[in-house]
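The values are calculated or read from the model by the stated rules, or taken from the named source; none is laboratory data. Owing to the predicted nature of the structure, the values given are computational and were not obtained by experimental measurement. Positions of Cβ are backbone-derived with ideal geometry, glycine not excepted, and every protein chain shown enters the neighbour counts. Side chains included, ligands, DNA and RNA excluded: accessible areas come from the protein's heavy atoms. Shrake-Rupley method; radii C 1.70, N 1.55, O 1.52, S 1.80 Å.
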Amino acid sequence: MDLAPIRKGNGPGLPSGPAARDNPLSRPNPMLTAPLTSVLPRMTGPMILGIIAILAFNLVDTFFIGLLGTEALAAISFTFPVTFVVTSLTMGLGAGLSALLGHTLGQGRHDEAARITTDCLFLALVLVTLLSLLGALTIHPLFTLLGASADLISLIHDYMLIWYLTVPLLALPMVGNAAIRATGDTKTPSLVMAVAGLVNGVLDPLLIFGIGPFPEWGIRGAAIATSLSWLMATLVSLHILRKRERLLSWHLSPRPRLLAHWRALLHVAVPASFTNMLNPLANAVLMIIFAGLGTEVVAAYGAASRVEALLLIVMMALSSVLAPFVSQNCGAGNPARARAALLICMRFALLFQLIVYGLVWWLAPFIATLFSDQPQVVRLIVLYLHLVPIGYGFQGMVMLLASALNGVRASTVSFLFNGLRLFVFLLPGAWLGSKSVSY
C-alpha cells in the first residue's frame, strides 16, 4: 500500500504557538524512548484491570439473568456463540486499526493518523451495522438451527433484537479504545470499560426486576442495560479521540485514500478476526470429543477452562500492549527496540507462568472443590490443573508472537500459526488421547 506521507507537525485545526502544549505531538512518547523494563509494566497494569472489567461485565449479566430462572439462563447461553462472532469481528478491526495507527504515529504523521482513525471507525461502524441488521432479520431461523426450543426462541428474540440493533455502540468504543491504546495510553481505555461495567452492573437489576421507578423488563432489561453502558463508553471514547488525541475529524478522506485505508485495515483485521474465532471453535470440538468420555469429563473441562482464562489474564494484557508497541517502534524505524521488547516479554512469560504453575499445583485440590463436590469431577479437575498449566508459559509466548505479528501487519501469519497449533497438534492429540484414555 502506498500512502503518500504528509507533513509532520500541527495539522489543520491543531493548535500552534502557546496552545501547542495541548497538541498530542508535543507530548513525550514513552513507547519510543522510555526504558523497556518500565514502560511495558506501566502499560500492562491498566490492561489487566480492563480485562478483569470485561470478564466481570459478562459475569454480572449472566448472574442477574440467571435469577430469572433456568429458561432465561439457557436462552442467554444460546446467544454466546453468535455474540462472539460479532465481537471477534470488532476485536479484529481494533487490532487492524491499532497496527495501522501505531505505525503511522511512530513515523510522526499525526495528520495521517487522524485520517486513518476517522476512515477506519466509519468502516467498522458500517460493517458491524450491516452484520447486526442481518442478525436481527435471522434470529428465529438461526437459533432454531442452533437447537433452541420454541419456548426459548421468544426469550432469545427479546434479548437479541435489542442486542443486534445496539451492537454498533459496542463496536465504536472497542475499536476506538484500540486507537487510544495505539497512542500508548492503556489507562484510559481500561477506565472506560471499567466504568461501563459498573453502569451495566447498576442498571441490570433495576431494569430486569423493575426496582423502584424502573419498569420490569426481564431479559430485555439486561439487553437495554448493556446497550446504555455501551452508549456511555462510545461517547467517552469518541470524545477522547477527538478532543484530547485529535485523531477524529468530521470528514472522510478522498475516495482513493479512503479505499487505501480500508484495504490496509482489512488486510490485518480479517485474519485477526478469524484468529479470535479459532479458540472457541477448537473448544467446541474439544467438548464434542470430551462428551464421548462422560459427563464428569465435560464438567471437569468446563470448570478447568474457566480457571485457565484467569491464569492467562496477564498474558492477554501483555500481548494487547505489545502490538501497538511493536507497531510504533517499527514505524519509527527502530525494529531493534521492538525485537528487544518481544524477547523481554517472552522471557517474562516463561518465568511468570512457571510461578503460576507452582501456585496452581499447590492450590489445585482447593480450586477443584470450588466447582464440584463429586469426587470424580474433583479428581479430573486436579489432574487437568496438575498437567496443562505447565505449558502456559509456551502458550503465552504464542500469544505474544501473534500480537507482534499483528503489530507488523502480518496477521495472516498469526492466523496460520494459531490454526496449526490448534487443528494440527491440539485437537488431533486430544482425539488420539480420548481413544486410549482410562480414568
- Query: So what J values fall out for the range 282-290 if you push phi through Karplus, 6.51 cos²θ - 1.76 cosθ + 1.60 with θ = phi - 60°, rounded to Hz, Gly and Pro as x?
  - Reply: 5, 5, 5, 5, 4, 4, 5, 5, 5
- Local charge sum around residue 367 (other residues, Cβ-Cβ under 15 Å, Lys/Arg +1, Asp/Glu -1)? 0
- Query: What does the charge add up to near residue 235, with Lys and Arg as +1, Asp and Glu as -1, over the other residues with Cβ less than 12 Å from its Cβ?
  - Reply: +2
- Under a 5 Å amide H to amide H cut-off, with H placed in plane at 1.01 Å, what residues pair with residue 374 once short-range neighbours are removed? none
- Query: Between residue 431 and residue 55, what is the label-to-label distance in nm when each label sits 7 Å out along the Cα-to-Cβ direction?
  - Reply: 3.1 nm
- Task: Determine the share of the range 79-155's accessible area contributed by carbon and sulfur atoms, expressed in whole percent, with a 1.4 angstrom probe.
- Result: 77 percent
- Note on the structure: Carbon plus sulfur, as percent of the 1.4 Å-probe accessible area of the range 161-240, comes to 76 percent
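Report, to the nearest whole %, how much of the accessible area of the range 314-389 belongs to carbon and sulfur atoms, 1.4 Å probe, protein only. Present the calculation step by step, with values, prior to reporting the outcome.
Numbers: 2750 of 3700 Å².
Roughly 74 percent, rounded to a whole number.
Taking a probe of 1.4 Å, how large is the accessible area per residue of the range 331-439, in Å²?
56 Å²
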- Task: Under a 10 Å cutoff between Cα atoms, tell me which one of 341, 282, 124 has the largest fluctuation in the Gaussian network model of the chain.
- Result: 282
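Please compute the per residue accessible area over the range 178-306 with all protein chains in place, 1.4 Å probe, rounded to a whole number of Å².
Numbers: 5930 Å² over 129 residues.
Each residue of the range 178-306 exposes 46 Å² on average to a 1.4 Å probe.
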- Query: Accessible surface of residue 236 in the full protein assembly, 1.4 angstrom probe, to the nearest 10 Å²?
  - Reply: 50 Å²
- Item | Mean Cβ count within 10 Å, highest first, over the residues of peptides 397-409, 263-275 | 397-409, 263-275
- Note on the structure: The helix 375-387 Cα axis meets the longest alpha-carbon principal axis of the chain at an angle in degrees, between 0 and 90 and rounded to 10, of 40 degrees
- At q = 0.14 Å⁻¹, what is the base-10 log of I(q)/I(0) for the range 134-282 according to the Debye formula with one equal point scatterer per Cα and no solvent? Please give it to two decimals. -0.92
- Item | Net charge, residue 394 excluded, C-beta distance under 15 Å - Lys, Arg +1, Asp, Glu -1 | +1
- Query: Which of these, 145, 203, 191, has the largest mean-square fluctuation under a Gaussian network model of the chain (Cα springs below 10 Å)?
  - Reply: 145
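Could you tell me what fraction of 2.2 N^0.38 Å the Cα radius of gyration of the range 61-169 comes to, as a two-decimal ratio? Present the calculation step by step, with values, prior to reporting the outcome.
On the way: Rg = 18.0 Å, N = 109, 2.2 N^0.38 = 13.1 Å.
My calculation over the Cα atoms of the range 61-169 gives 1.37.
Counting each pair of different Cα atoms once, what's the Kirkwood radius of the range 331-439 in Å, rounded to one decimal? Don't skip to the answer; put the middle values down first.
On the way: mean 1/r = 0.0609 Å⁻¹.
Roughly 16.4 Å, rounded to one decimal.
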